[in-house]
Amino acid sequence: MSAVYIIGAGISGLAAAKRLSEQGEKVIVFESTDHPGGRCRTFFDENLGLEIDNGNHLILSSNKSILEMADASQLYITKNAAFDFIDLKNNSTWTVDGGRGKIPWLHKKPPGANTWNLLNDYRKLNRNIPIADALDTSSARWDSFWLPLVLAVMNTPPNEASAKLVRNVLSETLLRGGHYSRPVFALNGLSKAFVEPVAGRLDIRYGATLKRVEASNNKASKLIFRDQEIDLKTDDALIVALPWAQAHNILPSLPKPPEFNPIINVHFKTNSSVQTPQMTGLIGSHAHWLFRRKNVASVTISAANQLAQNDSDTIARLVWSEVGNLLGGGNMPEYRVIKEKSATFSASPKIDATRPSSASKLENLFIAGDWIATGLPATLEGAARSGFLAADVLRVCLRR
Ligand SMILES: Cc1cc2nc3c(=O)[nH]c(=O)nc-3n(C[C@H](O)[C@H](O)[C@H](O)COP(=O)(O)OP(=O)(O)OC[C@H]3O[C@@H](n4cnc5c(N)ncnc54)[C@H](O)[C@@H]3O)c2cc1C
């Protein structure tokens, strides 16, 4: 029986493998590390004595590709599309609440914003320019609504972030109403919710780092790993589901990888535990979001290019000085700082235009990853969608 080899057990590779194995294909996944999940994973931190995620991941109730991979019993979905904010400069608070209906309507509004001026802003996002050039960045609603949204969704500074990609995200979420924009939390960590339900059913070979792909007759014909080689049969196929830079190293005809932006997460072990996961947007601080789950309080800082230059202790102290009071004050508790230096590619209009499609120059080789041209920024939804897309394109192109 012919096989489909998938390289990379991140969300995109797992999505491709799920789709194809459900369609009866023989699928084997190769992953260089000893665990699945890639940039979306949970691990046991020896110092904290706790399981933590590599970074907080926000997904919304309309993200149907990533939700297709999830174990629903591991998720907590809020009733309303409600997002609490606090401005740490003056302690003012507000909630952005899109309700739970199927029309875009704000029941609770951020300062300076209402349904009409936000809809009017949305209309201006149809040009392929940075969002800071499309909207009025001196308005109150820029600070209270657009800036936190852009950083969270794009992990790219607003003077670079593509307005069109933000528009695409809004068209699938807030523009469809609160029902489709409710935050989804992983109750017991990312791996249990999104990775293990799929990875547990697959044949995954760990510790297998792909180095090169050889081709003949316009087809991938040999996989060269660090310590093994596999000859592909005529009917075999390959999906490369690697981050942009690693994919380009192996397949130099792919577009060159652009700059990547870091995301920092600081996890504090707290004395008190929360029953249901919580999330608060932070304004006027280095810290952007505070997530609480059980006895872990985690702070996310997106597009953290400057801050990532500092050592972990400096970062933790700075963040604690900003959020400590929200967590009961006192001395800084035990912490773990995770700097994901290459978290996501810088999603500018220019870079977005270079993203390739799932098909490659070789007949039996297909590409997946959050950087493929899905119309979405580098997100879990984009990664899962790219995997499903690669699987579907493979089946159509190879008539299987
Ligand atoms: C800190 C952080 C916070 C984030 N927050 C959010 C968020 O809030 N919401 C959201 O939607 N998204 C978020 N993202 C983005 C999201 O995690 C990614 O878009 C997604 O996980 C990418 O999946 P992928 O399969 O494309 O790539 P990866 O997860 O990078 O998977 C690629 C896999 O390939 C393996 N590999 C690499 N080279 C080789 C090789 N040569 N041979 C074999 N295997 C190899 C890697 O080990 C990895 O397992 C965040 C990312 C980070 C890092």
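The values are calculated or read from the model by the stated rules, or taken from the named source; none is laboratory data. Keep in mind that this is a model prediction, so the values were computed, not measured. For neighbour counting, all protein chains shown are included, and Cβ atoms are generated from backbone atoms with ideal geometry for every residue, glycine included.
Descriptive notes on the structure:
- Scanning the range 77-98 for residues that are at negative phi and loosely packed, with under 14 Cβ neighbours inside 10 Å yields 77, 79, 89, 90, 92, 93.
- Pair list, Cβ under 8 Å, 6 or more apart: the range 210-235 residue under 17 Å from residue 3 (Cβ atoms) and assigned by TED's automatic domain parsing to the domain that holds residue 33, other residue among the charged types (D, E, K, R) and not in a strand (DSSP E or B): 219/363
- Residue match in the range 47-67 (condition: away from the ligand (no atom under 13 Å from the Cβ), hydrophobic (A, V, I, L, M, F, W, C) and either free of Cβ contacts under 8 Å to residues at least 12 places away in the same chain or in contact with an Asp or Glu (Cβ under 8 Å, 6 or more places away or on another chain) (or both)): yes
- In the range 1-12, residue nearest to the ligand (Cβ to nearest atom) [restricted to those that are part of a strand (DSSP E or B) and among the hydrophobic types (A, V, I, L, M, F, W, C)]: 7
- Residue 337, sole failed condition from (1) outside the structural domain of residue 11 (by TED's automatic domain parsing); (2) within 19 Å of the chain's Cα centre (by Cα); (3) in a helix (DSSP H, G or I): (3)
- Residue 315 falls short of the stated requirement of being outside the structural domain of residue 250 (by TED's automatic domain parsing), in contact with a Gly (Cβ under 8 Å, 6 or more places away or on another chain) and within 16 Å of the ligand (Cβ to nearest atom).
- Single residue of 298, 272, 342, 253 found to be touching a residue at least 24 places away in the same chain (Cβ under 8 Å), on the phi < 0 side of the Ramachandran plot and assigned to a loop (DSSP other than H, G, I, E, B): 253
- Taking the conditions (1) within 14 Å of residue 155 (Cβ to Cβ); (2) modelled with pLDDT under 95 in turn, residue 378 satisfies each one other than (2).
- Being more than 16 Å from the ligand (Cβ to nearest atom), in contact with a strand residue (DSSP E or B) (Cβ under 8 Å, 6 or more places away or on another chain) and touching a residue at least 24 places away in the same chain (Cβ under 8 Å) is a property that residue 79 lacks.
- Hey, residue 292 over 17 Å from the mean Cα position of the chain (by Cα) and either crowded, with 16+ Cβ neighbours inside 10 Å or within 30 Å of residue 218 (Cα to Cα) (or both) or not: yes
- Answer residue from the range 198-238, given it is among the small types (Gly, Ala, Ser) and under 22 Å from residue 389 (Cβ atoms) and is nearest to the ligand (Cβ to nearest atom) among those: 199
- Among residues that are among the hydrophobic types (A, V, I, L, M, F, W, C) and under 22 Å from residue 189 (Cβ atoms), residue 28 is not included.
One line per residue, one yes/no per condition, for (1) farther than 30 Å from residue 178 by Cα; (2) modelled with pLDDT under 95; (3) part of a helix (DSSP H, G or I):
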site: 14; (1), (2), (3): no, no, yes
site: 20; (1), (2), (3): yes, no, yes
site: 29; (1), (2), (3): yes, no, no
site: 35; (1), (2), (3): yes, no, no
site: 40; (1), (2), (3): no, no, no
site: 70; (1), (2), (3): no, no, no
site: 79; (1), (2), (3): no, no, no
site: 89; (1), (2), (3): no, no, no
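- Hits in the range 239-278 (condition: touching a helix residue (DSSP H, G or I) at 6+ places or on another chain (Cβ under 7 Å), closer than 30 Å to residue 329 by Cβ and within 13 Å of the ligand (Cβ to nearest atom)): 262, 264, 266
- Residue match in the range 259-275 (condition: basic (Lys, Arg), surrounded by fewer than 20 Cβ atoms within 10 Å (Cβ to Cβ), outside the structural domain of residue 362 (by TED's automatic domain parsing) and under 30 Å from residue 18 (Cα atoms)): no
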